[in-house]
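Please read the structure below before turning to the comments.
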Amino acid sequence: MTFVAETLLATSDGNCPVCGTRVVKEGPYPRDSRPHDSLAQAATPEEVRSVPVVDLPLSVQCRNSLHKIGVKTFGDLLDMSILAVCNRLGTESKCAEQVRDLVRRHKISSQVGE
């Protein structure tokens with residue numbers, strides 16, 4: 001946990017002191033701070049499906065948006081379908097673009113919401 005997160009938790013229960021928006025995300029943290037791509041390291045389909053959203057090479061905002069719509073693992077994303085996820089995120093949003101790029105980069109599906 002970073003100093004900023006610790007301070008926000010201590011002073012405002014993890015909420016923005018100005019607007020009250022939740023800014024400290026509780027949940028699993030990436031295994032280390034080095035950039036990595038857990039999907040590339042997954043060897044089996046089960047490992048690919050079990051990669052937590054927090055370990056995906058996406059922006060923090062995108063990972064939080066996915067979490068809000070119920071996507072906790074890459075398998076959840078696949079079960080919901082890439083197109084449906086992108087529609088819920090906003091088809092033209094930066095997060096939807098990041099999800100489509102991630103899927104293309106890993107050649108997960110030929111239908112990525114275009």
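The values are calculated or read from the model by the stated rules, or taken from the named source; none is laboratory data. Please read these numbers as outputs of a predicted model, since none were measured by experiment. Quick reminder, even Gly has a Cβ in these numbers, built from the backbone with ideal geometry, and neighbours come from all protein chains shown.
Worth pointing out:
- Residue in the range 1-46 that is modelled with the highest pLDDT, counting only those that are in contact with a Gly (Cβ under 8 Å, 6 or more places away or on another chain) and part of a loop (DSSP other than H, G, I, E, B): 23
Quick grid of which residues meet (1) part of a loop (DSSP other than H, G, I, E, B); (2) at pLDDT below 90; (3) touching a helix residue (DSSP H, G or I) at 6+ places or on another chain (Cβ under 8 Å):
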position	(1), (2), (3)
83	no, yes, no
98	no, no, yes
103	no, yes, yes
108	yes, yes, yes
